[in-house]
Amino acid sequence: MKKMWAIFKKEMRVYFVSPLAYAFLTVFFFLAGLFFYLGLTTTAEPNLRVMSANLSISLLFLLPLLTMRHFAEERRSGSFELLMTAPIPLWSLILGKWLSSLALCVILLLGTLLFPIILEYFGNPDWGVIGSTYLGLFLCCAAFESAGLLSSSQSDEPVAGGLGGVLILFPFWLAGPSSEFVEQPLLKKILQEASFLTHLDAFSKGLIDSADCIWFVLFCFGFLFLTWRSIESRRWR
């Protein structure tokens with residue numbers, strides 16, 4: 001646990017001594033504010049449903065860029081070999097890097113709490129729905145970062161790692177819209193269940209279904225496990 005905490009602190013320092021975190025924060029808050037405004041003007045309802053749906057799609061493209069340097073940069077700089085020979089359990093290394101990105105996402109989401117406060121001032125929002133919306137976005141961030149981490153572990157170049165993360169996640173977004181054009185019931189159901197939008201939509205409506213939570217947890221576990229296998233295989237090459 002101490003070694004995972006050390007990796008976590010090291011990655012957080014790297015974020016905030018480089019322009020990456022600040023550029024990411026700026027883009028994220030701009031998009032969040034834009035989607036919040038569009039949601040109010042198009043629906044005139046005191047909720048974050050429009051912001052949540054659009055922000056989740058934006059995060060699909062942004063979060064892999066946040067995780068792209070975790071392993072790809074280590075390999076490019078030559079420090080990856082040092083990490084592999086250091087007395088650090090591989091799971092501590094992976095979880096420390098994943099949790100550091102997740103912590104930055106929590107900071108991002110906390111920064112958007114201004115929007116519910118605005119809704120409270122001008123209207124009467126359902127705070128239960130707002131809470132579940134934020135839970136859905138948090139789970140979405142955790143899932144996207146796990147996929148981005150896998151892509152970074154497969155690449156020697158950070159940019160390629162970021163683009164690879166987007167390519168991994170894109171089918172999970174495309175599955176939902178694609179299901180509308182499928183007539184075969186079983187295939188249609190599979191595509192709907194594979195889409196993260198399907199599971200995120202329930203949270204934005206105030207519904208916290210254990211099945212949706214489990215889907216995100218299994219998504220994270222699956223990609224973190226694949227990351228572990230990817231790094232383990234490269235260790236002996």
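The values are calculated or read from the model by the stated rules, or taken from the named source; none is laboratory data. All of these numbers come straight from a predicted model, not from anything done at the bench. In this analysis, Cβ positions are derived from the backbone assuming ideal geometry, glycine residues included, and neighbour counts consider all displayed protein chains. What goes into the accessible areas is simple: the full protein's heavy atoms, side chains included, and nothing from ligands, DNA or RNA. Shrake-Rupley method; radii C 1.70, N 1.55, O 1.52, S 1.80 Å.
Protein heavy-atom accessible surface, 1.4 Å probe, per residue over segment 16-62: 51 Å². The share of accessible area on the chain that comes from carbon and sulfur is 72 percent, using a 1.4 angstrom probe.
Taken over segment 1-63, the percentage of Cα pairs per 5 Å bin, counting from 0 up to the bin with the maximum distance, is 4, 16, 18, 16, 14, 12, 10, 7, 3, 1.
Normalising the Debye intensity of segment 83-143 to I(0), with uniform scatterers on Cα atoms only, and taking log10 at q = 0.18 Å⁻¹ returns -0.72.
Setting aside same-chain residues fewer than 8 positions from Lys3, which lysines have a Cα under 29 Å from its Cα? Filter leaves Lys97. Taking the empirical scaling 2.2 N^0.38 Å for compact globular proteins as reference, the chain has a Cα radius of gyration ratio of 1.06. Helix 127-153 and the long axis of the chain differ in direction by around 30°, with both axes built from C-alpha atoms. The lysines whose alpha-carbon is closer than 22 Å to the alpha-carbon of Lys189, local same-chain residues fewer than 8 away aside, are Lys205. Applying the Kirkwood pairwise sum to the alpha-carbon positions of segment 100-237 produces a hydrodynamic radius of 16.7 angstrom. Rounded to 0.05, the FRET efficiency of the Ser210 and Lys188 pair, given R0 = 35 Å and the Cβ-Cβ distance, is 0.90. Between Val217 and Ala23, the simple spin-label model (points 7 angstrom out along Cα→Cβ) gives 3.7 nm.
Remark: the chain carries a charge dipole of roughly 920 debye about the Cα centre, counting +1 on each Lys and Arg Cβ and -1 on each Asp and Glu Cβ. When the Kirkwood radius is taken over all Cα pairs of segment 139-198, what Stokes-Einstein diffusion coefficient follows at 4 °C and 1.567 mPa s, in µm²/s? Calculated translational D: 105 µm²/s. Between helix 2-16 and the chain there is an angle of about 70 degrees, using the helix long axis and the longest principal axis of the Cα atoms. Gain on full extension, evaluated as 0.36 nm per residue between Val159 and Phe181 minus their Cα-Cα distance, stands at 4.6 nm. A Cβ-based charge dipole, computed about the Cα centre of segment 107-237 with Lys and Arg at +1 and Asp and Glu at -1, lands at about 460 debye.
Taking the C-alpha atoms only, the angle from helix 210-235 to the longest principal axis of the chain is near 20 degrees. Packing order of peptides 149-155, 104-110, highest average first: 149-155, 104-110 (average count of other Cβ atoms within 10 Å over each peptide's residues).
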